[in-house]
1. Note down the relative contact order for the range 20-101 as a percent, whole number, built from C-alpha pairs under 8 angstrom at least six residues apart.
2. Counting only other residues whose beta carbon sits under 11 Å from that of Ile160, what net charge do I get with K and R as +1, D and E as -1?
3. Would you be so kind as to identify which of Gln119, Tyr194, Ile152 lies farthest towards the positive end of the dipole of the range 113-203, taking Lys and Arg as +1 and Asp and Glu as -1 on Cβ and the Cα centre as origin?
4. How much FRET efficiency would the formula 1/(1 + (r/R0)^6) give for Ala72 and Lys127, where r is the Cβ-Cβ distance and R0 is 35 Å, rounded to 0.05?
5. Quick check: net charge around Tyr194, other residues with Cβ under 12 Å of its Cβ, Lys/Arg +1 and Asp/Glu -1?
6. What residues have an amide H closer than 5 Å to that of Tyr181, excluding those fewer than 5 places away on the same chain, when H is modeled at 1.01 Å from N in the peptide plane?
7. Stretched out fully, how many nm does the piece from Met99 to Glu31 gain, at 0.36 nm a residue minus the Cα gap?
8. Mind checking the dipole of the range 15-142: about its Cα centre, +1 per Lys or Arg Cβ, -1 per Asp or Glu Cβ, Debye to the nearest 20?
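Rule-based calculations on the coordinates, nothing more; no lab input. Bear in mind that the values here come from a model prediction, so they are computed numbers and not experimental data. Counting neighbours? That spans all protein chains shown, and the Cβs are built from the backbone with ideal geometry, glycine included.
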Amino acid sequence: MRKLTVTILTLTLIFLSSCNVSMNKIDIWTEQATVTEIIGFENSLSEENQILEMNIFLSKSIYPLIDEYKIAKPIIFKRENAGFLPLYTQYFYSESDSMIRYISYDWEKEMYGDFSRKQEVWKEESKKLEEYDTEYDRIKLALVEKLGEPTIQDEEPQKIKSNSGRGDCLSRNTVWETDKYYSKLNLIFESMTYRLRWYHYLKK
């Protein structure tokens with residue numbers, strides 16, 4: 001009887017451990033790649049992923065190498081089953097060689113939705129700081145496994161002045177930086193923006 005109990009406990013622990021690994025798994029691309037490789041990667045994850053057509057541009061404040069390349073409109077995928085929040089992956093590439101130069105992943109509800117619908121969403125999301133912070137930790141763990149320990153990190157959301165002029169907001173940041181790449185995970189929690197964003201670019 002004792003052996004049976006031990007066996008059941010062992011199998012239960014193995015099952016819970018495998019579930020935890022599955023929950024923490026986030027498919028993240030960090031390497032140099034071509035547009036074709038990225039499309040193949042996203043399509044391999046799920047047949048339900050959608051490609052979106054949006055006019056989005058980079059600024060030098062977030063991508064310091066913008067003057068070195070002529071950057072095309074990004075390839076954008078919406079991953080429906082990405083966890084607590086839908087995930088929009090954006091891959092910006094240089095027109096001359098179709099190489100990916102800048103990657104941005106946004107976990108956000110109704111990111112490109114109708115404005116009237118967004119107001120209802122914002123009201124709902126404003127009550128979920130704990131859930132956003134937990135999701136941040138899940139994403140951060142996946143990035144640590146991919147990139148190693150961060151250079152700079154906030155252990156919890158910090159109150160800062162909003163860049164949009166809407167008073168104070170909560171933000172949390174984690175940065176990974178080497179001589180080869182710059183990578184940043186950000187949480188922003190304010191009246192009209194409830195989002196987790198990770199962006200990454202190679203320096204060479």
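1. On the way: 97 pairs, mean separation 24.4, N = 82.
So the answer I get is 30 percent.
2. Values: positive: Lys159, Lys161, Arg172; negative: Asp154, Asp168, Glu190.
Charge balance in the 11 Å sphere: 0.
3. Ranked along the dipole, the leading option is Gln119.
4. Working: r = 39 Å, r/R0 = 1.11.
Once rounded, the FRET efficiency stands at 0.35.
5. -2
6. Those lying under 5 Å, H to H, from Tyr181 are Lys203.
7. Working: separation 68, 0.36 × 68 = 24.48 nm, distance 1.07 nm.
That works out to 23.4 nm of additional length.
8. Working: 15 positive and 24 negative charges, 41 e Å.
Using only the charged Cβ atoms, the result is roughly 200 debye.
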